[in-house]
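The values are calculated or read from the model by the stated rules, or taken from the named source; none is laboratory data. On a predicted model such as this, the values are computed, not experimentally measured, just so you know. Here Cβ is always computed from backbone atoms with ideal geometry, including for glycine, and neighbour counts include all displayed protein chains.
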């Protein structure tokens, strides 16, 4: 015996007027990946975005500024010797009559090349070295850690002075430009501290269940490192890259200023500042123009590094609140 169905007329009117849910009425959710969120948080930081724009502009000046140069770096103009900025020489001339604009373009290009090469390669070397130590462990980890600590105790300044100004340095400079030699030496000493930090982080990641499962399934070490370790330390690698560029440029300027860096006929910001330091009172433009370019490189990098650190940190409030949707503003 079946139960009688009550007539619909006796039901409340509200239950009869319920509209049917159509497919078009379902809310539209957009899936936003992590990189997009980080990019938005970075550009929401006005100081970091400003630093990125300035850094790009200075980089374009170093790459393409030579197309506007009217003189070569070592061409002497006998009619304009030790003169300030003018229509003929936009940044003025040196005491020898050479064009400071052409030298500044090459100096920015050289310093940026040193920073980008050292910063990029040091990140790769430190990541590979640190992940290998953490993944294999045991005796290999002890040997690699001993080599790392031994290299960290080596006097960096003394090694650079011996390589560049030593007896063998002259022969090396005949084969390689001075800025290339300085780049190689800086690269040797730039990755060690980061490798130790990456090793510590990778050792904690290896204890995760998904890494243990991948090792149990026979996944190759390269795939485990690339798929499971690198994505989890990606934020650290990006921060190390920007910080490495800054430290490399600072090191270039410092070492060149004391006479063990880039040498003539090559030009860098450090060499331009060094050669003008003794003439700051008589020829101030020779000192302040490369000094301003130096700060326009290092300052924006510092702002970018702070912005990236806040963008990678989901708990940071320094990037401000997200903008509201246009529909919500209309309401």
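Assorted remarks:
- Any hit, segment 311-319, residues being modelled with pLDDT under 90, assigned to a helix (DSSP H, G or I) and closer than 23 Å to residue 54 by Cβ: yes
- Every residue from segment 110-122 that is farther than 10 Å from residue 269 by Cβ and either without any contact (Cβ under 8 Å) to a residue 60 or more places away in the chain or surrounded by fewer than 24 Cβ atoms within 10 Å (Cβ to Cβ) (or both): 113, 116, 117, 119, 120, 121
- For segment 166-174, the condition of being touching a residue at least 60 places away in the same chain (Cβ under 8 Å), surrounded by fewer than 19 Cβ atoms within 10 Å (Cβ to Cβ) and either under 21 Å from residue 222 (Cβ atoms) or touching a helix residue (DSSP H, G or I) at 6+ places or on another chain (Cβ under 9 Å) (or both) holds for at least one residue.
- Residue count for segment 83-120 under the criterion of being closer than 13 Å to residue 289 by Cα and assigned to a helix (DSSP H, G or I): the result is 8.
- Residue match in segment 216-225 (condition: more than 28 Å from residue 39 (Cα to Cα), surrounded by fewer than 18 Cβ atoms within 10 Å (Cβ to Cβ) and at pLDDT 90 or above): no
- Within segment 240-281, restricting attention to residues that are surrounded by fewer than 17 Cβ atoms within 10 Å (Cβ to Cβ) and touching a residue at least 60 places away in the same chain (Cβ under 8 Å), the residue that is farthest from residue 312 (Cα to Cα) is 279.
- Pairs with Cβ under 6 Å, 6+ apart, first in segment 179-194 and under 17 Å from residue 249 (Cβ atoms), second assigned to a loop (DSSP other than H, G, I, E, B): 179/262; 179/266; 182/261
- Residue check for residue 145: without any contact (Cβ under 8 Å) to a residue 60 or more places away in the chain, closer than 25 Å to residue 188 by Cβ and surrounded by 14 or more Cβ atoms within 10 Å (Cβ to Cβ): yes
- Residue under evaluation residue 171, criteria (1) at pLDDT 90 or above; (2) more than 26 Å from residue 306 (Cα to Cα), criterion not met: (1)
- Enumeration of residues in segment 225-239 that are in contact (Cβ under 8 Å) with a residue 24 or more places away in the chain, over 30 Å from residue 261 (Cα atoms) and part of a helix (DSSP H, G or I): 225, 229, 232, 233, 235
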